[in-house]
1. Among the numbered criteria (1) touching an Asp or Glu at 6+ places or on another chain (Cβ under 7 Å); (2) crowded, with 16+ Cβ neighbours inside 10 Å; (3) not acidic (Asp, Glu), which one does Ala38 miss?
2. Mind listing whichever residues of the range 41-50 are more than 18 Å from Met66 (Cβ to Cβ) and either open to solvent by 100 Å² or more (accessible area, probe 1.4 Å) or of a type in the set (Ser, Thr, Tyr) (or both)?
3. When the range 4-35 is examined, which residues are found to be open to solvent by less than 90 Å² (accessible area, probe 1.4 Å) and farther than 27 Å from Ser85 by Cα?
4. Of everything in the range 52-88 that's open to solvent by 100 Å² or more (accessible area, probe 1.4 Å) and at pLDDT 85 or above, which residue is nearest to Ile13 (Cα to Cα)?
5. Please determine, by comparing only the residues of the range 43-58 that are touching a residue at least 12 places away in the same chain (Cβ under 8 Å) and either of a type in the set (Asp, Glu) or not in a helix (DSSP H, G or I) (or both), which one is nearest to Arg82 (Cα to Cα).
Amino acid sequence: REENNHEMFDMVIIDEAAQALEASCWIPALLGRRLVLAGDHRQLPPTIKSSRAKSQLSITMFDRLMRKRSRYDDKDGQSVSRMLSVQY
């Protein structure tokens, strides 16, 4: 489907989102009607080589949403975040 002369996707999935810089998530996020961020915010942080940029870039979109997850509930009041209990 097209919207505003851009191809729109029904869903965008960003894997390892806890390691992805927020700026790199925005372009694909804006091209989808729904967004799924998959990852573990308690594992490795993003790799940032610049010490000057580290303070500004170390918080990822995934981190930001997990910290505010109670504000992002679905229409039935259930949290939109899910933690897996089994890892394969």
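1. Ala38 satisfies every listed condition except (2).
2. Narrowing the range 41-50 to residues more than 18 Å from Met66 (Cβ to Cβ): 47-50.
Of everything in the range 41-50, those that are more than 18 Å from Met66 (Cβ to Cβ) and either open to solvent by 100 Å² or more (accessible area, probe 1.4 Å) or of a type in the set (Ser, Thr, Tyr) (or both) turn out to be Thr47, Lys49, Ser50.
3. Matches in the range 4-35: Met8, Ala23, Ser24, Pro28, Leu31, Gly32.
4. Within the range 52-88, the match that is nearest to Ile13 (Cα to Cα) is Lys54.
5. Going through the range 43-58, the residues touching a residue at least 12 places away in the same chain (Cβ under 8 Å) turn out to be 43-48, 57-58.
From the residues that got through so far, the ones that are either of a type in the set (Asp, Glu) or not in a helix (DSSP H, G or I) (or both) too are 43-48, 58.
On the way: Gln43: 16, Leu44: 19, Pro45: 19, Pro46: 21, Thr47: 25, Ile48: 27, Ser58: 22 Å.
Looking at the filtered set, the residue picked out is Gln43.
The values are calculated or read from the model by the stated rules, or taken from the named source; none is laboratory data. All figures in this text were calculated on a predicted structure; none of them were measured in a lab. Using ideal geometry, Cβ is built from the backbone for each residue, glycine included, and neighbour counts are taken over all protein chains shown. Please note that ligands, DNA and RNA were not included when accessible areas were found on the heavy atoms of the full protein model with its side chains. Shrake-Rupley method; radii C 1.70, N 1.55, O 1.52, S 1.80 Å.
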